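Notes follow the structure.
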Amino acid sequence: MWQRSLRQSTVNWVIRKLQPSILSQVEVHELPGDRWQTLSLICSGENGNVSIGRKPLRPTVIAGNWKMHKNQAEARAFLQAFLPLVTSSEFVHQHRQIVLCTSYTSLQAVQATLQQSQAQVALGAQNIHWEDQGAYTGEIAGDMLTELGVSHVIVGHSERRQHFGETDETVNRRLLAAQRHGLQPILCVGETKQIRDRGEAEGWILQQLRQALVGVDRTRLVIAYEPIWAIGTGDTCAAEEANRVIQLIRKNLANPEVVIQYGGSVKASNIDDLMAQPEIDGVLVGGASLDPQEFARIVNYQSLSRV
């Protein structure tokens, strides 16, 4: 079985090569617990069931979180270097989505550049308040983001929880606000090193999910598993371990189609290993997303089991 996604032209070529008299139908078979579907040709006669390839069940979402970096001029310079490296890439297509979560002051400049270039890159923000307006100094409302062309927003990042007092309750309210405004939230969950060392990571993560997702439409959501001990430390969670935790999250949500990313010291040197894991649907990238060449290499990852 091929480990690459098949283009429709490939499927058409295979069908043309088969004798019409023996071809009965084309079926798609889902593989439980896997990010892929098997595309098979069901033939009569001695050929039987011929499996010809696989296609993705869930999209891949690669998001860059710039945090408090890059003014407007720096953002434009980044795009000038980054976009040519990805817009011509054979890997960037309908199943691989790129999101740039910039600083608030750079949103308009980035949106204008993306619109002018017609690049297939989505614009994201790093926070959203649950109210539409009011006396909330320093916060930002959903319609202020959508007005600028924002389509995604990070919610519940560990740095927001640590430095700004975010709780699972306020994360829930922000998630609901994001969906109310038609934004795709990227919900961050993850454990500290202390929780991990005590063997309590799984229970902690599932509790975060239970409280954050009350009333939330789970079909309009991206989840990012970010072990806090791996964020900005260079100490990346082993790809197999990240895959195991994400599998646990997906099983708990009882929704095989939910997109779940990994985040935490993601870089060009480990992206191929991470994306080779069947449960990992993308990455949330911090520091490495600030360098156009490094982030382009991440976006253009090559994996035998991915598109």
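General remarks:
- In segment 184-210, residue surrounded by the fewest Cβ atoms within 10 Å (Cβ to Cβ) [restricted to those that are free of Cβ contacts under 8 Å to residues at least 24 places away in the same chain and among the acidic types (Asp, Glu)]: Asp197
- Unique match (being closer than 16 Å to Arg96 by Cα and of a type outside the set (D, E, K, R)) among Ile231, Ile249, Ile271: Ile271
- Exactly one residue out of Ala224, Ala178 is more than 22 Å from Ile271 (Cα to Cα) and in contact with a strand residue (DSSP E or B) (Cβ under 9 Å, 6 or more places away or on another chain): that is Ala178.
- Qualifying residues in segment 237-268 (those that are of a type in the set (Val, Ile, Thr) and assigned to a loop (DSSP other than H, G, I, E, B)) - the one surrounded by the most Cβ atoms within 10 Å (Cβ to Cβ): Val266
- Residue in segment 246-262 that is modelled with the lowest pLDDT, counting only those that are within 17 Å of Val61 (Cβ to Cβ) and touching a helix residue (DSSP H, G or I) at 6+ places or on another chain (Cβ under 8 Å): Pro256
- Scan segment 113-126 for residues that are surrounded by 15 or more Cβ atoms within 10 Å (Cβ to Cβ) and either at pLDDT 95 or above or farther than 20 Å from Pro84 by Cα (or both) and the total you get is 8.
- Filtering segment 65-89 to residues that are farther than 12 Å from Thr105 by Cα, in a helix (DSSP H, G or I) and within 22 Å of the chain's Cα centre (by Cα) leaves Phe78, Leu79, Phe82, Leu83, Pro84, Leu85, Val86, Thr87.
Residue-wise test of (1) free of Cβ contacts under 8 Å to residues at least 40 places away in the same chain; (2) closer than 26 Å to Pro59 by Cβ; (3) surrounded by 15 or more Cβ atoms within 10 Å (Cβ to Cβ).
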{"residue": "Cys101", "(1), (2), (3)": "no, yes, yes"}
{"residue": "Gln108", "(1), (2), (3)": "no, no, yes"}
{"residue": "Ile128", "(1), (2), (3)": "no, yes, yes"}
{"residue": "Glu131", "(1), (2), (3)": "no, no, no"}
{"residue": "Gly165", "(1), (2), (3)": "yes, no, no"}
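- For segment 121-143, a tally of residues being out of contact with any Lys or Arg (no Cβ under 9 Å at 6 or more places or on another chain) and under 23 Å from Ile98 (Cβ atoms) returns 6.
- Verdict on Ile271 being crowded, with 21+ Cβ neighbours inside 10 Å and more than 16 Å from Cys188 (Cα to Cα): yes
- The residue list Leu274, Leu290, Leu221, Leu253 contains one member that is among the aliphatic types (A, V, I, L, M) and under 16 Å from His157 (Cα atoms), which is Leu221.
- Going through (1) assigned to a loop (DSSP other than H, G, I, E, B); (2) surrounded by fewer than 18 Cβ atoms within 10 Å (Cβ to Cβ); (3) under 16 Å from the mean Cα position of the chain (by Cα) one by one, Gly234 falls short only on (3).
- Checklist (1) farther than 20 Å from Ala288 by Cα; (2) at pLDDT 95 or above applied to Ile223, failing item: (1)
- Annotation note: of Leu175, Leu213, the sole residue that is buried (at least 22 other Cβ atoms within 10 Å of the Cβ) and closer than 28 Å to Tyr104 by Cβ is Leu175.
The values are calculated or read from the model by the stated rules, or taken from the named source; none is laboratory data. Just so it is clear, the structure is predicted and the values come from calculations on it, not from any experiment. Neighbour counts are summed over all protein chains in view; Cβ atoms, including those assigned to glycine, are modelled from backbone coordinates with ideal geometry.
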